[in-house]
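Student: Have a look at the structure that comes next, please.
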Amino acid sequence: MKNSVLKFLWVLPAIWVMASCNDNLSEVGGSIQPKDDKIRARVDSVSVDYLTMPMPSVYSNSRITLLGEIKDPFYGNFKANFISKLRHARGFKFAHKPIGGKIDSLQLHINYNVWAGDSTAILKAAVYKITDPVSGGGYSQKDLSKFQKEKNFLGSLVYTAKSGKTDTQRGLRYLSVPLSKELGQKFYDASINNPHFFDTQEAMEKELLQGLLVTTTTGSGNVLSVYGIEFRIFYSYEGDIKDKDGKTKKGPVKAVEIFANTKEQIQVNGFENSQIGDLLLPNDKFTYIKSPAGVVSKMIIKKEELVKALDRSGKGYNPAKRWLLNEAQLKIDVEQPDPKVTEMAPPPYLILLAADSLKNFFEKNYTELTHPESAFLSTIYSIERRYYNFSNISPLISKHLKEHAKYLPDGKIALDKDLEAVIVPVQKFTVNSLDKNVTSEINNFIFPAAAKLKTSGHARKVGIISTEYNKQ
């Protein structure tokens with residue numbers, strides 16, 4: 001008959017103990033109640049396996065994206081581009097009438113503040129008008145080249161990360177890519193002759209501009225972290241100006257109209273990782289992380305290991321006993337990056353997720369606080385302490401046992417499935433609540449990063465503290 005072995009599992013307070021150094025520890029503790037109701041604390045460990053697996057696509061609903069290309073001798077190549085749509089403006093009108101009804105110029109501002117790689121590396125950005133349907137549902141795509149059509153080319157700019165201008169008010173840098181001003185003129189003409197083009201997002205995309213592909217066509221060595229784009233239409237109008245004597249007279253005054261992208265519009269990230277085959281080979285010493293849309297680590301606890309911990313006596317299920325899992329510690333060390341081999345640095349956080357919860361976790365904006373049985377956020381990585389500590393993952397093990405443990409006819413305990421979890425690089429956002437910073441949001445880490453995780457030593461074991469006692 002099938003039934004849950006651990007129907008009443010819950011977490012009890014326990015002292016912090018790292019038990020992974022010994023796989024054959026005896027029972028500890030003693031009697032705190034009458035002899036026939038003895039509570040025994042047990043310290044065990046279970047073996048853990050790791051493998052590196054590809055993650056060719058990642059979910060993001062943020063405006064933050066990437067632009068550029070990096071070639072890393074160890075972690076392989078990475079290229080990033082993106083498609084963005086502009087937010088419509090119902091009732092849009094130019095604030096002033098351009099002189100002669102003509103605009104002066106059109107620019108695309110690419111806003112950024114940080115980057116990965118060489119700030120002096122020379123790349124060429126190119127912008128294309130999108131004319132084909134765009135879909136993606138928030139997931140990155142490996143190849144956006146089908147949208148890169150020469151007939152839709154709008155403009156380009158040779159740049160370095162250092163060459164960007166500074167917006168002191170917002171604390172951002174930006175690149176100004178000159179675009180064909182015919183498109184900007186089309187926006188002005190529509191505001192006069194067809195103002196309904198701006199009434200809805202669908203109308204603006206159909207009649208004026210469906211979206212923009214921003215990519216690099218030459219150069220490598222740098223990837224910008226882009227915080228949004230702005231479509232800027234520059235023009236001059238007849239207004240009041242001061243002459244050299246301070247007298248007011250009529251003359252040309254510069255002005256600009258701006259359309260920007262927001263979270264409400266589809267943004268498709270193009271993230272391509274190549275030459276990563278060596279990272280995916282079986283490896284007993286290391287597992288790898290590379291973001292974004294590169295590789296992640298899978299942690300596996302075999303069902304036989306869990307049965308061994310659950311039924312340590314080998315005598316099968318004892319209906320007079322109850323077993324509670326109190327603590328399960330997991331800590332993974334990081335190999336120090338060798339600057340001669342790679343320029344990639346480890347991500348700030350990793351999160352360990354039950355494998356079957358990976359898809360919904362990011363799509364539905366879950367955190368480790370909303371799903372404490374399936375999501376475990378690591379401590380922050382730093383060069384002073386090169387490791388990720390996931391603390392107590394006992395709820396993950398308990399949940400798996402509840403769902404997959406069963407009794408056999410001979411009284412033995414069996415599991416029908418290994419426990420699998422995925423270790424993913426993430427970015428954490430916090431809010432202050434009662435003078436304490438608490439997690440408000442967890443996103444896939446959208447920035448070039450990589451880590452070489454050590455899977456030997458204590459990472460190969462999960463230390464378990466449990467309690468066994470007589471049922472009343």
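The values are calculated or read from the model by the stated rules, or taken from the named source; none is laboratory data. In this text the structure is predicted, and so the values were computed from the model without any measurement. For neighbour counting, all protein chains shown are included, and Cβ atoms are generated from backbone atoms with ideal geometry for every residue, glycine included.
Student: Any residue in the stretch 118-146 that is under 21 Å from Tyr159 (Cα atoms) sitting within a Cβ distance under 6 Å of a residue that is part of a loop (DSSP other than H, G, I, E, B) and β-branched (Val, Ile, Thr)? List the pairs, counting only those 6 or more apart or interchain.
Tutor: That search, which allows pairs on different chains as well, returns Thr120/Thr160; Ile122/Thr160.
Student: Same structure again: When you go through Thr200, Thr168 one by one, which is the residue that is touching a residue at least 60 places away in the same chain (Cβ under 8 Å), among the hydroxyl-bearing types (Ser, Thr, Tyr) and assigned by the TED database to the domain that holds Gly228?
Tutor: Exactly one of Thr200, Thr168 is touching a residue at least 60 places away in the same chain (Cβ under 8 Å), among the hydroxyl-bearing types (Ser, Thr, Tyr) and assigned by the TED database to the domain that holds Gly228, namely Thr200.
Student: More than 30 Å from Gly221 (Cα to Cα) and either in contact with a helix residue (DSSP H, G or I) (Cβ under 6 Å, 6 or more places away or on another chain) or assigned by the TED database to the domain that holds Glu69 (or both): which single residue out of Leu415, Leu434, Leu401 fits that description?
Tutor: Values: Leu434 fails: either in contact with a helix residue (DSSP H, G or I) (Cβ under 6 Å, 6 or more places away or on another chain) or assigned by the TED database to the domain that holds Glu69 (or both); Leu401 fails: either in contact with a helix residue (DSSP H, G or I) (Cβ under 6 Å, 6 or more places away or on another chain) or assigned by the TED database to the domain that holds Glu69 (or both).
One residue alone meets the criteria, Leu415.
Student: Are there any pairs, at least 6 apart or on different chains, whose C-beta atoms fall under 6 Å, with the first in the stretch 383-405 and β-branched (Val, Ile, Thr) and the second at pLDDT 95 or above and surrounded by 15 or more Cβ atoms within 10 Å (Cβ to Cβ), and if so, which?
Tutor: Taking only residues 6 or more apart or on different chains, the pairs are Ile393/Phe376.
Student: Under 6 Å between Cβ atoms, which residue pairs at least 6 apart in sequence (or on different chains) link something in the stretch 409-421 that is part of a loop (DSSP other than H, G, I, E, B) with a partner that is modelled with pLDDT under 95 and among the hydroxyl-bearing types (Ser, Thr, Tyr)?
Tutor: Correct list of pairs: Gly411/Tyr317.
Student: Among (1) in a strand (DSSP E or B); (2) surrounded by 14 or more Cβ atoms within 10 Å (Cβ to Cβ), which single condition is Lys124 missing?
Tutor: Exception for Lys124: condition (2).
Student: When you scan the stretch 219-251, how many residues do you find that are in contact (Cβ under 8 Å) with a residue 24 or more places away in the chain, closer than 26 Å to Pro98 by Cβ, surrounded by fewer than 18 Cβ atoms within 10 Å (Cβ to Cβ) and not charged (D, E, K, R)?
Tutor: Result for the stretch 219-251: 4.
Student: Shifting gears a bit: Give me the residue from the stretch 419-442 that is among the hydroxyl-bearing types (Ser, Thr, Tyr) and at pLDDT 90 or above and, out of that set, surrounded by the fewest Cβ atoms within 10 Å (Cβ to Cβ). Walk me through it before giving the result.
Tutor: Looking only at the stretch 419-442, we keep the residues that are among the hydroxyl-bearing types (Ser, Thr, Tyr), and these are 430, 433, 439-440.
Now drop any that are not at pLDDT 90 or above, which leaves 430, 439-440.
On the way: Thr430: 11, Thr439: 14, Ser440: 14.
Looking at residues that are among the hydroxyl-bearing types (Ser, Thr, Tyr) and at pLDDT 90 or above, I get Thr430.
Student: Quick check on the stretch 407-418. Is at least one of its residues over 26 Å from Leu279 (Cβ atoms), surrounded by 14 or more Cβ atoms within 10 Å (Cβ to Cβ), among the basic types (Lys, Arg) and more than 24 Å from the chain's Cα centre (by Cα)?
Tutor: Looking for residues that are over 26 Å from Leu279 (Cβ atoms), surrounded by 14 or more Cβ atoms within 10 Å (Cβ to Cβ), among the basic types (Lys, Arg) and more than 24 Å from the chain's Cα centre (by Cα), one finds at least one in the stretch 407-418, hence yes.
Student: Right, here's the next one. Take the residues of the stretch 365-393 that are of a type in the set (Phe, Trp, Tyr) and assigned to a loop (DSSP other than H, G, I, E, B): which is surrounded by the fewest Cβ atoms within 10 Å (Cβ to Cβ)?
Tutor: Restricting attention to the stretch 365-393, the residues satisfying the condition of being of a type in the set (Phe, Trp, Tyr) are 366, 376, 381, 387-388, 390.
Filter once more, keeping what is assigned to a loop (DSSP other than H, G, I, E, B): 366, 381.
Numbers: Tyr366: 17, Tyr381: 21.
Applying the filter and picking the extreme gives Tyr366.
Student: Give the residue, chosen from Gly91, Gly68, that is outside any helix (DSSP H, G or I), of a type outside the set (D, E, K, R), at positive phi and surrounded by fewer than 22 Cβ atoms within 10 Å (Cβ to Cβ). Break it down into steps so the answer makes sense when it comes.
Tutor: On the way: Gly68 fails: surrounded by fewer than 22 Cβ atoms within 10 Å (Cβ to Cβ).
Criteria check complete, one pass: Gly91.
Student: Which is out of contact with any helix residue (DSSP H, G or I) (no Cβ under 8 Å at 6 or more places or on another chain), buried (at least 19 other Cβ atoms within 10 Å of the Cβ), in a strand (DSSP E or B) and not assigned by the TED database to the domain that holds Tyr75, of Leu325, Leu350, Leu396, Leu330? Spell out how you get there, then give the answer.
Tutor: Numbers: Leu325 fails: out of contact with any helix residue (DSSP H, G or I) (no Cβ under 8 Å at 6 or more places or on another chain); Leu396 fails: in a strand (DSSP E or B); Leu330 fails: out of contact with any helix residue (DSSP H, G or I) (no Cβ under 8 Å at 6 or more places or on another chain).
Leu350 is the lone residue from the list that is out of contact with any helix residue (DSSP H, G or I) (no Cβ under 8 Å at 6 or more places or on another chain), buried (at least 19 other Cβ atoms within 10 Å of the Cβ), in a strand (DSSP E or B) and not assigned by the TED database to the domain that holds Tyr75.
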